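Take a look at the structure below.
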Amino acid sequence: MYPASNPLWSPVRWAENGAVRLAFDSLTEGTGGEPLLLATGLGVNRLWVPDGLCRMLAAQGFAVARYDQRDGGESTHLPPAPARSPISALFGKRETAYTAEDMADDAVAVMSALGWRSAHLLGVSLGGAVAQRVALRHPDRVRTLTSMAAVPGDTSGLRTMRYIRMRTLAKFARLRFPDTPEGDVAAGIAVSRLLASPHRSFDEPAAREAAERNADRGMHDQQAQSRQIGAQWHGPPISAIARPTLVLHGEDDPLIKPSAGRAIASRIRDSRLVLLPQVGHEIPDCAWHRVVTEISRLATVSHQLPIQPGS
């Protein structure tokens with residue numbers, strides 16, 4: 001189920017990476033700015049990125065586009081895989097539906113469909129790991145990299161355990177909702193509550209309004225999530241990333257420990273770590289100004305660096 005057309009965003013368009021079709025759209029404000037592509041998290045569609053944050057990015061000189069990763073939103077969903085839950089996909093036998101390289105190439109396919117030779121990347125959660133891999137696999141397409149609430153993009157399997165709060169992941173995996181619009185809304189509220197900072201009051205009416213506006217089945221599609229989380233990376237380590245990098249992480253993240261952000265920042269040369277107070281595994285409005293300020297600062301720094309061939 002998807003909401004009616006929103007005049008703030010362009011009509012949906014499509015990019016192709018082999019047999020996979022990727023849904024994307026562009027903010028209608030700030031279209032003349034510097035290209036910035038948003039990559040979303042595990043299972044969720046592109047509409048979960050707050051419109052208010054996107055408008056603030058546009059006001060700071062960015063042309064914002066967002067896309068649904070494969071197995072999310074309106075993009076292609078792949079056939080069922082053996083793993084029945086994200087936990088079994090993460091710690092069991094690796095999935096073969098597609099690779100992490102395929103997901104990195106999806107982002108580049110969207111950029112090409114937009115006519116962008118290169119772009120600033122902002123990836124959140126799983127999208128942060130994908131963005132890191134794009135910077136490794138296609139460095140000439142990346143102006144800057146901002147990884148938020150993510151694990152290191154070269155970490156997989158049991159090594160991931162050090163960064164994930166297993167109690168929260170187990171709660172996430174146990175969520176069960178009917179495959180109905182009402183079930184989608186209930187899932188959206190439950191996941192928002194689970195991932196919010198415990199140091200802020202949970203605004204259930206706002207969460208319900210957001211879930212009703214975007215009743216996203218991906219919030220409880222564990223098969224799709226299993227395929228995404230099971231996609232294995234075969235490329236170089238993140239220490240090889242040479243693009244200007246910002247690492248954002250909520251101090252109160254109940255799913256991915258802040259140590260994951262510290263690990264990323266420690267391994268990428270000249271990167272900068274910013275811990276966001278009273279922020280969980282989310283992008284609440286109280287953090288928008290800081291997020292936009294830091295991304296704008298990173299873009300300014302990138303203008304002072306030598307241009308890489310092909311950029």
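The values are calculated or read from the model by the stated rules, or taken from the named source; none is laboratory data. Everything quoted here is computed from the prediction, not taken from an experiment. Every residue, glycine among them, receives a Cβ derived from its backbone with ideal geometry; neighbour counts consider all protein chains shown.
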Pick from segment 123-159, criterion β-branched (V, I, T) and out of contact with any helix residue (DSSP H, G or I) (no Cβ under 6 Å at 6 or more places or on another chain), ranking: nearest to W233 (Cα to Cα): T155
Could we say that R193 is among the charged types (D, E, K, R), more than 30 Å from A135 (Cβ to Cβ) and out of contact with any Ser or Thr (no Cβ under 6 Å at 6 or more places or on another chain) here? yes
For segment 41-70, what are the residues that are among the β-branched types (V, I, T) and modelled with pLDDT under 95? V44, V49
Taking the conditions exactly as written (part of a helix (DSSP H, G or I) and basic (K, R)), does R143 satisfy them or not? no
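Quick grid of which residues meet (1) of a type in the set (S, T, N, Q); (2) within 30 Å of E101 (Cβ to Cβ); (3) modelled with pLDDT under 90; (4) assigned to a helix (DSSP H, G or I):
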position: V185; (1), (2), (3), (4): no, no, yes, yes
position: H199; (1), (2), (3), (4): no, no, no, no
position: A206; (1), (2), (3), (4): no, no, no, yes
position: R227; (1), (2), (3), (4): no, yes, yes, yes
Can F172 be described as surrounded by fewer than 21 Cβ atoms within 10 Å (Cβ to Cβ), among the aromatic types (F, W, Y) and over 17 Å from the mean Cα position of the chain (by Cα)? no
Of everything in segment 151-169, what is under 19 Å from the mean Cα position of the chain (by Cα) and in a helix (DSSP H, G or I)? Give them in sequence order. T160, T168, L169
Of (1) in a loop (DSSP other than H, G, I, E, B); (2) among the basic types (K, R); (3) within 26 Å of G73 (Cβ to Cβ), R269 fails just (3)
Can you tell me which residue among V108, V151 is surrounded by 24 or more Cβ atoms within 10 Å (Cβ to Cβ) and either more than 22 Å from W48 (Cα to Cα) or of a type in the set (A, V, I, L, M) (or both)? V151
What's the number of the only condition in (1) buried (at least 18 other Cβ atoms within 10 Å of the Cβ); (2) at pLDDT below 95; (3) within 24 Å of R21 (Cα to Cα) that D179 fails to meet? (1)
Looking across segment 230-266 at residues that are of a type in the set (V, I, T) and not in a strand (DSSP E or B), the single one that is nearest to W48 (Cα to Cα) is I264
Please work out which residue is farthest from the chain's Cα centre (by Cα), limiting yourself to segment 35-67 and to residues that are charged (D, E, K, R) and over 16 Å from E294 (Cα atoms). D51
